[in-house]
Amino acid sequence: MAVTDAKGVVIIGANLAGGRAAEALRTAGYEGAITLIGDETELPYERPPLSKEVLTEPDTLPAQFYILDSADYAENNIDLRLGVRAERLDTVGQKVELSDGSEVAFEQVILATGARVRRLNIEGSDLKGIHYLRTLEDARALSEELKPGARIGFIGMGVIGAEVAASARKRGCEVITIEPLEIPMARALGPRFGAWLAQVHREEGVDVRLGCGVSSILGEQGRVNGVILNDGEQVDLDALVVGIGVIPNLELAEAAGLEIDNGIVVNEFAQTSNPAIYAVGDVANSPLYFGGRGRCETYQNAQDQAIFAARAIAGQAEPYLKPQWFWTDQFDINIQVLGDVISDAEVVIRGDENSRQFSAFFVQDNLIRGLLTVNQAKDMGAGRRLLERSIPVDTVALADVNIDLRQLLKKTA
Amino acid sequence: MSSKILLCKTDAVSDGAPLNVNVEGFPSLAVYELDGDYFATDNLCTHGNAMLTDGYQEGEEIECPFHGGAFNIKTGEPTAFPCQVAIKSYPVTVENNEIYLVSA
């Protein structure tokens, strides 16, 4: 088959990062060819609803589920190739080889290959009724299991396990979560607020088991019907959800000889060790706001890093360095986390920690290093600016709900 | 014939502190002040289920508290992802320190 003549940008990964990158290239005035390649057959879509609305209201997709309407791709002259895999990145010949045998020439590549779920590999892992969650197809299959009264077990209580557990309760399921660490969502929320979240789940009727593993999976006629915990207890189940993290999709980058270190190593412009190739989102190992490097598996990072990479290609390079930010919605609670909430900084509570509405500021040397809000997203706007502008704060004032946070910004601005 | 609907007093809203106003026949409205001028838009973000008056106003921009998107308070146009659909903006007029929505 022919190589597409016009060299341009090839984006690998038709997802949030890939879709935003394509859109942002055009917004930034890029006039070359854009090809967006994805192995799912769906148009690029938002993954956050997969663990929430798609499970709790399975009959309709949420409004604005898709990143762009199908007409927008044609209008913006974006060549969308869905249901095909990028098999090889030929950096010398400057072309990408696709699973349908075609090739696309490039000047630059944006790798938004994302991550795939980590799978269980204990006995019984291949039984029916064991679910993972990454794609719309996964969510639809899982949704079928969430019948009222169904007993749903969870291995892992990270963000996916915790959100899906909340959705399963909303559907009237009996829920047991099994988490090997002593704290749920420990990596995201830190010990204090992870423990706080465990309490919320218990109040909502979830049987939360912490510091607990699964020693084997039980099945009958090829379908899961329970697990044995490592203390020997047998738990009967109708379905099992596994949320034990993700593995970045590095194969293309590795084969192309790019520098890899738990992700594709990129600089502050999202450029890999090959300057014609960019990597964004879950798959990229990037410089972090508070120093060091890491991969960020968040919506905000996928979106913003993609936009910065697109602008860099369009000649508007600006360093991308933002404090990490994510949100999670569980039961009637919206939690947002900004920056570093894991450090041993002083925690200043604004509001009542024993309620479901408060903010927690993580303060070190009078500077805000992190902010966690519970149903108090309105503290995020001022809080983010206090953090990003490194404005020294008075912890007494921070804790005083009668003092408008915007006043703290102005005082020293 | 256009009609006027009272939204609020001018001193109830200030730059950086927009006000949620509910009036009959309209969705929740956000009323803003900027440099002595007043503006009104729908208050519900077109992306997530959030009230913009809980967000952060910086000049002409209101940032949604949920997912960091933003809109121009004068035109309602989206100015930052993930917001892509404009919020409705409404003409207002000020008389005797009271802000009115001008309805067609």
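The values are calculated or read from the model by the stated rules, or taken from the named source; none is laboratory data. Given the structure is predicted, the values throughout are model-derived calculations rather than measurements. All Cβ positions, glycine included, derive from the backbone under ideal geometry; neighbour counts span all protein chains shown. The accessibility values were calculated without ligands, DNA or RNA, using every heavy atom of the protein model including side chains. Shrake-Rupley method; radii C 1.70, N 1.55, O 1.52, S 1.80 Å.
When A:ASN262 is tested against (1) assigned by TED's automatic domain parsing to the domain that holds A:ARG389; (2) open to solvent by 60 Å² or more (accessible area, probe 1.4 Å); (3) closer than 30 Å to A:GLU23 by Cβ, exactly one condition is not met: (1). Checking each residue in the stretch B:13-55 for being out of contact with any Ser or Thr (no Cβ under 9 Å at 6 or more places or on another chain) and open to solvent by 50 Å² or more (accessible area, probe 1.4 Å) picks out B:SER14, B:ASP15, B:GLU24, B:PRO27, B:ASP35, B:ASP37, B:ASN49, B:ASP54. Residue-level check: of (1) part of a strand (DSSP E or B); (2) facing chain A (nearest Cβ under 9 Å); (3) open to solvent by 50 Å² or more (accessible area, probe 1.4 Å), B:THR79 misses just (2). Give the stretch A:375-412 a look and list any residue that's more than 12 Å from chain B (Cβ to nearest Cβ) and either of a type in the set (A, V, I, L, M) or open to solvent by less than 50 Å² (accessible area, probe 1.4 Å) (or both), or say none. Within the stretch A:375-412, A:LEU387, A:ILE391, A:VAL393, A:THR395, A:VAL396, A:ALA397, A:LEU398, A:ALA399, A:VAL401, A:ILE403, A:LEU408 meet the criteria. Inside the stretch A:202-225, can you point out the residues that are open to solvent by less than 20 Å² (accessible area, probe 1.4 Å) and without any contact (Cβ under 8 Å) to a residue 60 or more places away in the chain? Matches in the stretch A:202-225: A:VAL206, A:VAL208, A:CYS212, A:GLY213. Inspect all residues belonging to the stretch A:90-104 and state whether any of them is crowded, with 18+ Cβ neighbours inside 10 Å and part of a helix (DSSP H, G or I). Among the residues of the stretch A:90-104, not one is crowded, with 18+ Cβ neighbours inside 10 Å and part of a helix (DSSP H, G or I), which makes the answer no.
Restricting attention to the stretch B:82-104 and to residues that are more than 14 Å from chain A (Cβ to nearest Cβ) and among the small types (Gly, Ala, Ser), the residue that is nearest to A:GLY381 (Cα to Cα) turns out to be B:SER89. Could you go through the stretch A:314-335 and let me know if any residue there is small (Gly, Ala, Ser) and assigned to a strand (DSSP E or B). Among the residues of the stretch A:314-335, not one is small (Gly, Ala, Ser) and assigned to a strand (DSSP E or B), which makes the answer no.
Within the stretch A:12-36, the set of residues being among the acidic types (Asp, Glu) and either more than 12 Å from chain B (Cβ to nearest Cβ) or open to solvent by less than 10 Å² (accessible area, probe 1.4 Å) (or both) comprises just one member, A:GLU31. Does the stretch B:14-33 hold any residues that are away from chain A (no Cβ under 14 Å) and either over 18 Å from B:ASN72 (Cβ atoms) or part of a loop (DSSP other than H, G, I, E, B) (or both), and which are they? Within the stretch B:14-33, B:VAL21, B:ASN22, B:VAL23, B:GLU24, B:GLY25, B:PHE26, B:PRO27, B:SER28 qualify. Could you check the stretch B:19-41 and list, in sequence order, the residues that are at pLDDT 95 or above and in contact with a Phe, Trp or Tyr (Cβ under 9 Å, 6 or more places away or on another chain)? Selection gives B:LEU19, B:LEU29, B:ALA30, B:VAL31, B:TYR32, B:GLU33, B:TYR38, B:PHE39, B:ALA40, B:THR41.
Just so you know, in the stretch B:56-69 the residues that are at the interface with chain A (Cβ under 10 Å from one of its Cβ atoms) and part of a strand (DSSP E or B) include one that is most open to solvent (accessible area, probe 1.4 Å), and it is B:GLU58.
Pairing residues of the stretch A:294-308 that are under 12 Å from A:LEU16 (Cα atoms) and within 12 Å of chain B (Cβ to nearest Cβ) with residues that are of a type in the set (Val, Ile, Thr) and surrounded by fewer than 22 Cβ atoms within 10 Å (Cβ to Cβ), at Cβ distances under 9 Å and at least 6 apart in sequence or on separate chains, gives A:ILE307/A:THR27.
Can you find even one residue in the stretch A:309-318 that is in contact (Cβ under 8 Å) with a residue 12 or more places away in the chain, surrounded by fewer than 20 Cβ atoms within 10 Å (Cβ to Cβ), of a type in the set (A, V, I, L, M) and farther than 25 Å from B:LEU52 by Cα? Looking for residues that are in contact (Cβ under 8 Å) with a residue 12 or more places away in the chain, surrounded by fewer than 20 Cβ atoms within 10 Å (Cβ to Cβ), of a type in the set (A, V, I, L, M) and farther than 25 Å from B:LEU52 by Cα, one finds at least one in the stretch A:309-318, hence yes.
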